[in-house]
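**Q** My questions all concern the structure below.
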Amino acid sequence: NAGVMQNPRHLVRRRGQEARLRCSPMKGHSHVYWYRQLPEEGLKFMVYLQKENIIDESGMPKERFSAEFPKEGPSILRIQQVVRGDSAAYFCASSPTVYSGNTIYFGEGSWLTVV
Amino acid sequence: SQQGEEDPQALSIQEGENATMNCSYKTSINNLQWYRQNSGRGLVHLILIRSNEREKHSGRLRVTLDTSKKSSSLLITASRAADTASYFCATVRNTNAGKSTFGDGTTLTVKP
């Protein structure tokens, strides 16, 4: 049973370009979460999605960031017009249900570098 | 200070010694989880402890939770060089398991 798959693992973008990060949850998991980790810091919650629905986007920056989890295919975190401050590791996690007694499973992360 | 704050920020010990890391938080929680992160890698779940539990064990790991003090500790006994990593606590406040609040972590270095 494959774990949470993220790609690309490393991405370099110039300022002003777009970054697209993909996440395929574990098999059977319908809940996806995105987190961002700045250097030397812990993870910060960004958004929680179920298939075709954004449930909680309270951690998403108001501009340039968007996320989706379509009926078919992976979840996508999209960052438009990237700036240097967007350089970070972006982690996706998934869970089978929303119950708080469940462990959530993290992917290996996508490291975005904006030059 | 933020929810889920670890202490110390960095810890360096010799192989075979025990390592203790602490986590403090501010609000009421449903559960608290500890994770490990090797440099450049994702997070590995270590232990989940529920708010009505006081202590849990898993192999060489022991986690305590004191809800009256809003604090938790992670003890790694008989440490190994392979335990070198960053350790994070994460709190879950409500029924949404995925919306966790992480601290900034403790970086543990175990010298062989």
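The values are calculated or read from the model by the stated rules, or taken from the named source; none is laboratory data. Keep in mind it's a predicted model, so treat the numbers as computed, not measured. Please note: Cβ atoms are built from the backbone with ideal geometry, for glycine as well, and neighbour counts cover all protein chains shown. Side chains included, ligands, DNA and RNA excluded: accessible areas come from the protein's heavy atoms. Shrake-Rupley method; radii C 1.70, N 1.55, O 1.52, S 1.80 Å.
**Q** Exactly one condition in (1) at pLDDT below 95; (2) assigned to a strand (DSSP E or B) is false for A:G3; which is it?
**A** (2)
**Q** Residues that are more than 8 Å from chain A (Cβ to nearest Cβ), modelled with pLDDT of 95 or more and more than 13 Å from the chain's Cα centre (by Cα): does region B:18-35 have at least one?
**A** The answer is yes, given that some residue of region B:18-35 is more than 8 Å from chain A (Cβ to nearest Cβ), modelled with pLDDT of 95 or more and more than 13 Å from the chain's Cα centre (by Cα).
**Q** Say whether the condition of being over 14 Å from B:L108 (Cα atoms) and out of contact with any Pro (no Cβ under 6 Å at 6 or more places or on another chain) is met by at least one residue in region B:80-91.
**A** yes
**Q** Something else about it: Contact list please: Cβ distance under 6 Å, first residue in region A:79-92 and of a type in the set (G, A, S), second residue in a loop (DSSP other than H, G, I, E, B), pairs at least six apart or on different chains.
**A** A:A88/A:L38; A:A89/A:G109
**Q** So, one more: Can you tell me which residue is least open to solvent (accessible area, probe 1.4 Å) among those in region A:16-40 that are among the basic types (K, R) and in contact with a strand residue (DSSP E or B) (Cβ under 6 Å, 6 or more places away or on another chain)?
**A** Among residues in region A:16-40 that are among the basic types (K, R) and in contact with a strand residue (DSSP E or B) (Cβ under 6 Å, 6 or more places away or on another chain), the one least open to solvent (accessible area, probe 1.4 Å) is A:R36.
**Q** In region A:98-110, what residues are touching a Leu at 6+ places or on another chain (Cβ under 7 Å) and not in a loop (DSSP other than H, G, I, E, B)?
**A** Passing the criteria: A:F106, A:S110.
**Q** Please go through region A:60-82 and pick out each residue that is open to solvent by less than 60 Å² (accessible area, probe 1.4 Å) and out of contact with any strand residue (DSSP E or B) (no Cβ under 6 Å at 6 or more places or on another chain).
**A** A:P61, A:P70, A:G73 - these are the residues of region A:60-82 that are open to solvent by less than 60 Å² (accessible area, probe 1.4 Å) and out of contact with any strand residue (DSSP E or B) (no Cβ under 6 Å at 6 or more places or on another chain).
**Q** Select, from B:E53, B:E15, the only residue that is more than 13 Å from chain A (Cβ to nearest Cβ), acidic (D, E), open to solvent by 20 Å² or more (accessible area, probe 1.4 Å) and over 13 Å from the mean Cα position of the chain (by Cα).
**A** Matching residue, one of B:E53, B:E15: B:E15.
**Q** Let me ask you something else. Here's a check for you: in region A:43-59, which residue that is of a type outside the set (D, E, K, R) and exposed (fewer than 15 other Cβ atoms within 10 Å of the Cβ) is nearest to B:T91 (Cα to Cα)?
**A** Filtering region A:43-59 for residues that are of a type outside the set (D, E, K, R) and exposed (fewer than 15 other Cβ atoms within 10 Å of the Cβ), the one nearest to B:T91 (Cα to Cα) comes out as A:S58.
**Q** Also, I was wondering about something else. Being part of a strand (DSSP E or B), buried (at least 20 other Cβ atoms within 10 Å of the Cβ) and at pLDDT 95 or above: is that true of B:L108 here?
**A** Judged against the criteria, B:L108 is a match.
**Q** Which condition number does B:I47 fail, the rest of (1) more than 8 Å from chain A (Cβ to nearest Cβ); (2) outside any loop (DSSP other than H, G, I, E, B); (3) over 13 Å from B:C23 (Cβ atoms) being met?
**A** Here B:I47 clears every test but (3).
**Q** Here's a check for you: in region B:1-12, which residue that is surrounded by fewer than 19 Cβ atoms within 10 Å (Cβ to Cβ) and assigned to a loop (DSSP other than H, G, I, E, B) is farthest from the other protein chains (Cβ to nearest Cβ)?
**A** B:P8
**Q** Turning to a different aspect of this structure: Given the residues A:R36, A:R15, which is the only one that is assigned to a strand (DSSP E or B) and either within 18 Å of A:G85 (Cβ to Cβ) or not hydrophobic (A, V, I, L, M, F, W, C) (or both)?
**A** Answer to the selection: A:R36.
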